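Encoded as structure tokens, the structure appears first; notes follow it.
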């Protein structure tokens with residue numbers, strides 16, 4: 001394994017490897033700094049650019065976008081109280097307060113520093129766990145993959161927004177959208193409304209850019225934000241060495257938490273960052289300063305969300321199941337190159353996953369140094385007139401959607417999904433759950449039908465065996481956890497009120 | 001989510017709100033999904049058939065929608081006033097762009113699109129809008145078409 005990793009490192013440290021990783025990180029930082037453009041959208045917009053590249057450069061470049069975006073989102077979170085991505089929401093609490101106190105530069109450096117540490121920790125865990133999990137994944141059959149996909153949807157449905165039922169319904173909508181098109185076995189057209197362009201199904205890229213990027217532009221346009229402009233000036237400032245040493249263990253622990261959260265199909269940066277923030281509040285000393293401009297309140301969530309990219313690669317590379325929407329875009333790029341992620345990838349083409357792991361490690365260091373240099377230009381992003389920014393986002397989204405199939409119909413689909421995504425957010429449904437449902441839909445249906453073929457139509461196959469029972473238990477637990485924790489929280493609040 | 005208390009409150013002062021309308025629409029969608037599955041033809045090589053899975057999804061949609069219908073609190077939450085005209089303009093511009101980009105070419109379709117959006121919001125001077133639209137269109141064309149080799153629609157008869 002080590003020699004394969006070192007071979008991957010040689011690919012990553014080559015001129016082309018470094019060049020494409022740097023491009024990916026820079027694009028990711030700028031993309032993440034634009035509110036509404038998450039890691040998955042930034043990756044989707046860059047995807048057409050990778051068509052002419054070799055997969056050992058294209059795939060790591062996309063991973064680098066993911067890494068850069070998770071950090072880039074902290075810039076508007078700290079400066080203008082608007083997280084660039086959902087994963088940076090927890091950073092706003094202490095980050096913006098620090099900026100108000102004139103310490104925005106320290107906050108930005110802390111975000112970069114702790115994010116880098118969290119990312120390095122997560123890559124180490126990725127290298128340690130991916131291979132054993134891939135070996136374990138070889139024991140997975142169709143019924144296990146079906147249940148694993150359902151588990152991912154239950155997790156995201158449970159944690160999306162304020163309403164678990166709406167989250168679940170959003171996920172089911174995504175599962176249905178994945179059915180549209182010709183049946184993969186019988187070629188029977190399903191839900192195509194007789195329109196030939198839907199025979200090949202709906203492509204992931206128009207769905208992602210529509211649900212996230214275009215819907216966000218619609219939101220800003222309808223709420224009058226498009227006409228606004230904010231001017232922020234900031235210089236990066238280094239906290240004292242003693243402070244950095246104090247922040248390091250927080251970043252390491254948050255990196256571990258974030259990696260495992262990222263590995264759960266359906267969970268993502270948002271969960272990781274809030275979990276790390278709350279954990280830091282619990283075990284750090286003198287936490288009364290949290291929420292009032294404490295650098296630890298920036299270090300913990302940023303290390304957590306920056307460790308999610310590598311964490312989400314664990315199930316993708318080892319099992320072929322994406323751990324997040326961004327991992328889903330990566331999975332789409334795998335299929336464009338004719339590579340199938342999953343346990344057999346480590347057997348048939350081991351140079352691919354190990355190069356990706358090595359590039360993820362290099363990307364953390366590139367992000368640190370590039371982040372120091374381009375913080376000022378990235379800050380400018382937050383002060384550009386939003387009508388110009390939104391226009392650029394729309395045109396990138398259109399080109400991205402168009403170039404996947406060279407068909408303007410994809411732009412039309414993206415606009416329709418943009419409208420759907422706008423109203424979903426407005427009425428507390430979850431576009432993220434829909435997109436993940438869409439991505440997992442093919443995996444779930446394919447394995448579901450295979451399972452029923454094996455069992456000759458009996459659903460007992462999903463309840464047979466220790467592994468299936470464990471997955472069933474996790475599914476039930478993920479559905480009940482929000483209900484139980486909600487009731488416990490209400491009881492605690494009532495008890496506190498009475499006392 | 002406390003279902004039993006919500007149900008009691010909701011039955012007392014039952015009101016139709018947007019969330020309930022959405023759940024009715026989703027229930028109808030679920031019914032449509034199930035209905036269509038009975039028309040899917042099975043292949044002799046596929047014992048399960050193409051209809052089983054979407055039928056399950058349809059039932060899930062119906063059950064979840066009904067649960068949302070009955071557990072949604074009565075009344076509507078106060079939302080801020082939204083400028084839907086802006087959304088219609090932006091959406092309409094994108095649809096027009098999608099219709100025109102292939103027949104007229106990337107550059108002639110992209111320039112007016114990039115001009116129209118900032119001019120509609122009137123936050124930037126008109127001269128700057130024109131320069132921005134021209135420069136960005138040129139940069140995008142050169143970057144995607146010439147540098148990266150992404151196929152973009154050409155101007156008819158000109159290339």
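A few remarks follow.
- Backbone N under 12 Å from the residue A:405 label point (7 Å along Cα→Cβ), restricted to the stretch A:195-217: A:195-207
- For the stretch A:6-130, alpha-carbon Rg relative to the globular expectation (2.2 N^0.38 Å, N residues): 1.12
- Between the beta carbons of residue A:494 and residue A:100, assuming R0 = 35 Å, the FRET efficiency works out to 0.50 to the nearest 0.05.
- Estimated at 0.36 nm per residue, the fully extended path between residue A:6 and residue A:458 surpasses their Cα-Cα distance by 158.0 nm.
- Exposure proxy ranking, count of Cβ atoms within 10 Å, fewest first, for A:3, B:35: A:3, B:35
- Alpha-carbon centroids, the stretch A:295-371 and the stretch A:1-59: separation in whole Å: 10
- Mean residue ellipticity at 222 nm, helices only, chain A: -24000 deg cm²/dmol; runs of at least 4 DSSP H residues each add -39,500 (n - 2.57), and the sum is divided by the number of residues.
- Values of log10 I(q)/I(0), in the order q = 0.13, 0.14, 0.27 Å⁻¹, for the stretch A:1-73 under a Debye, Cα-only, solvent-free model: -0.37, -0.42, -1.08
- The coefficient of translational diffusion for the protein assembly as shown, derived via Stokes-Einstein from the alpha carbon Kirkwood radius under 10 °C and 1.306 mPa s, stands at 62 µm²/s.
- Among the residues of A:445-455, the average count of other protein chain beta-carbon atoms within 10 Å of the residue beta-carbon is 3.
- Relative contact order, percent, the stretch A:299-389 [alpha-carbon distance under 8 Å, six or more residues apart]: 18
- Shielding by other protein chains, A:120-132, mean Cβ within 10 Å: 0
- Modelled spin labels at residue A:285 and residue A:240, positioned 7 Å past Cα toward Cβ, are 1.5 nm from each other.
- Alpha-carbon centroids, the stretch A:399-462 and the stretch A:121-174: separation in whole Å: 15
- In range of the label at residue A:193: residues from the stretch B:84-117 whose backbone nitrogen is under 16 Å from the point 7 Å along Cα→Cβ: B:95
- Cα principal axis extents for the stretch A:59-122, largest first, Å: 40, 20, 15
- Cβ crowding within 10 Å averaged over residues, with A:332-341, A:474-483 ranked highest first: A:332-341, A:474-483
- Inter-chain Cβ neighbour average for residues B:119-126, partner chain, 10 Å: 4
Readers should treat all values here as calculations from the given coordinates under stated rules, not as data from a laboratory. Predicted model only: the values in this text are computed from it and were never measured. Glycine gets a Cβ as well: all are built from the backbone with ideal geometry, and neighbour counts include every protein chain shown.
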